[in-house]
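Shown next, in structure tokens, is the structure this report addresses.
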Amino acid sequence: MGILYEDSVVITSGEKQGDPHVITVNCPDKTGLGCDLCRIILLFGLSISRGDFSTDGKWCYIVLWVVGKPTTRWPLLKKRLLEVCPSHFSTSGIRFYQQEKEIQKPPDVFLLKFWCSSHPKGLLHDVTEVLCELELTIRRVKVSTAPDGKMMDLFFITDTRELLHTRKRQEETMHHLKMILADVLMSCEIELAGPEFTACSQRSPNLPSSISEELFSLELPHGPSNRHLPSHSAVVSIDNSISRSHTVIQLLCLDHKGLMYDIMRTLKDYNIQVSYGRFHLNSKGKCDIELFTMQSDGCKIVDPNKKNALCSRLRMELTRPLRAAVVSRGPDTELLVANPVELSGRGRPLVFHDITLALKQLNMSIFSVEIGRHMIHGREWEVYRILLDEGDIVWVQQNKIEEGVRNILMGW
């Protein structure tokens, strides 16, 4: 007897208020399933405090203890988790469980365009938060200020529900926007994106050369201190002597927002499967993680070069999963934030949401925004370039801006 569709994902509330919710996933396995599940949990703004993974290569059983918010929409979370689980209609071994490479039609991209008579501080974050609540994914943003102070906002978005082509869904979106934009909204429209999306998506011609090498380095800088690194270090070891059939990866690091997603997306990019794993927060506030892994061919990771590369990459992802820097661009001050893109083409969830939240908390105005993708050191990055209002820089030091943005992004 197969497991019913609804039983593939079960979410159980904590016994008392403040206790973690428990998410249980019981479904056919596929390479990268852990990454997909952790990405959705991050997208819903939840943190994972403990977890257990086990699989025989055909069927997996995953238990995650997550800390939610009063506003968490648990039924919707369950629905989204179910959507990434492989087919539930059979419990027999089907070959695509091993390596699912389905060709999917890319989602339609829509242009949300609106003019505002002014841009009060924090308004861009309020707009971003509404779009997140409506499950509209921001692909690109371009915000510019006209000489008369009016602001034009271009949001290139996709709809998780795939309904934005309908009049009802568009009216729902514009209604929520009008509620927060109130008197400053001059016009608002939604249409299917055309050539302007391609033009807006093209790589910016220049990134500040003074910081790009350090910001996008794939190696951890040597030395006792670095302004882009926290004061802790991550310990990563790869051992083939513990298990006869698996390579054991052991990690010890400070917790941060999306930690398990960063680990799982790295293993997914390296095409490495987790057969068994567990992680938890220890009494010192660090994450202790042990993963029994193998390559997609069922063998251990024995190649020294691959082991060293994986160890170095994991250490970097645990320490610097995102990059943030404030730089001077002539008379202007620009905030740069970058995150690596998965090989599947997906960027990190909620980055723009967190950037605008941090700037709102710092009471800073945004003059313009550009989001683009850059191929640097053979790796694709999603780069956020935010030009800050000159008047706010006078009383907020650049290092305070950088620190505030990084702390929100990392959940510290």
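Can you give the FRET efficiency for Glu133 and Trp59, using 1/(1 + (r/R0)^6), R0 = 45 Å, r = Cβ-Cβ distance, to the nearest 0.05?
Efficiency computed from Cβ-Cβ geometry: 0.85.
Which trypsin sites (Lys or Arg not before Pro) does segment 266-322 hold that lie in a coil by DSSP with at most 12 other beta carbons within 10 Å?
For trypsin sites (Lys or Arg not before Pro) across segment 266-322 that sit outside H, G, I, E and B with at most 12 neighbouring Cβ atoms in 10 Å, the list reads Lys284.
Given Cα pairs under 8 Å that are at least 6 residues apart, what percent is the relative contact order of segment 322-411?
Reported relative contact order: 36 percent.
Computed over the Cα atoms of segment 322-411, what is the ratio Rg over Rh, Rh following Kirkwood?
Here the Rg-to-Rh quotient is 0.97.
Pop a pseudo-label 7 angstrom from the Cα along the beta-carbon direction at both Cys311 and Ser243 and give the gap in nm to one decimal.
For the pair Cys311/Ser243, the computed spacing is 1.8 nm.
With N set to the residue count of segment 234-312, report its C-alpha Rg divided by 2.2 N^0.38 Å to two decimal places.
Against the empirical 2.2 N^0.38 Å value, I get 1.06 for segment 234-312.
Which length gain, in nm to one decimal place, applies between Ala182 and Lys16 when the Cα-Cα distance is subtracted from 0.36 nm times their residue separation?
Details: separation 166, 0.36 × 166 = 59.76 nm, distance 3.97 nm.
Going from the current span to full extension adds 55.8 nm.
Which parts of segment 112-137 would a label at Lys400 reach, counting a residue when its backbone N lies under 20 Å from a point 7 Å out along Cα-to-Cβ?
Under 20 Å, as judged by backbone N against the label point of Lys400, lie 121-123 of segment 112-137.
Quick one: of Lys30/Lys78; Lys16/Lys360; Lys105/Lys257, which pairs are farther than 26 Å apart, Cα to Cα?
Result: Lys16/Lys360; Lys105/Lys257 exceed 26 Å.
Roughly to the nearest percent, how much of the accessible area of segment 322-411 is carbon and sulfur, given a 1.4 Å probe?
Carbon-and-sulfur percentage of accessible area, whole number: 51.
Take Met152, Met260 and sort them by solvent-accessible surface of the protein heavy atoms, 1.4 Å probe, largest at the top.
Met152, Met260
Met186: accessible area at probe 1.4 Å, nearest 10 Å²?
Approximately 100 Å² for this residue.
Leaving out ligands and nucleic acids, note down the accessible area per residue over segment 107-200 with a 1.4 angstrom probe, in whole Å².
On a per-residue basis, segment 107-200 sits at 49 Å².
Taking every alpha carbon pair in segment 107-200, what does the distance histogram look like in 10 angstrom bins from 0, in percent?
Cα pair-distance distribution for segment 107-200, in percent: 16, 53, 28, 3.
Between Arg379 and Arg167, what is the label-point separation in nm under the 7 Å Cα-to-beta-carbon projection?
4.9 nm
Leaving ligands, DNA and RNA out of it, work out the accessible area of Ser87 with a 1.4 Å probe and give it in Å² to the nearest 10.
40 Å²
Take the Cα pairs of segment 282-338, get the Kirkwood Rh, then feed it into Stokes-Einstein at 10 °C and 1.306 mPa s and tell me D in µm²/s.
Using the Kirkwood radius from Cα pairs, D works out to 105 µm²/s.
With every protein chain left in place, what is the accessible area per residue of segment 322-411 in square angstrom, probe 1.4 Å?
For segment 322-411, the per-residue accessible area is 37 Å².
Express the carbon and sulfur contribution to the solvent-accessible surface of segment 107-200 as a percent, rounded to the nearest whole number, probe 1.4 angstrom. Show your work: numbers first, answer last.
Values: 2490 of 4610 Å².
Carbon and sulfur: 54 percent of the exposed surface of segment 107-200.
The values are calculated or read from the model by the stated rules, or taken from the named source; none is laboratory data. As the structure is a prediction and not an experimental result, all values here were calculated from the model. For neighbour counting, all protein chains shown are included, and Cβ atoms are generated from backbone atoms with ideal geometry for every residue, glycine included. These area figures cover heavy atoms from the full protein model, side chains too; ligands, DNA and RNA do not enter into them. Shrake-Rupley method; radii C 1.70, N 1.55, O 1.52, S 1.80 Å.
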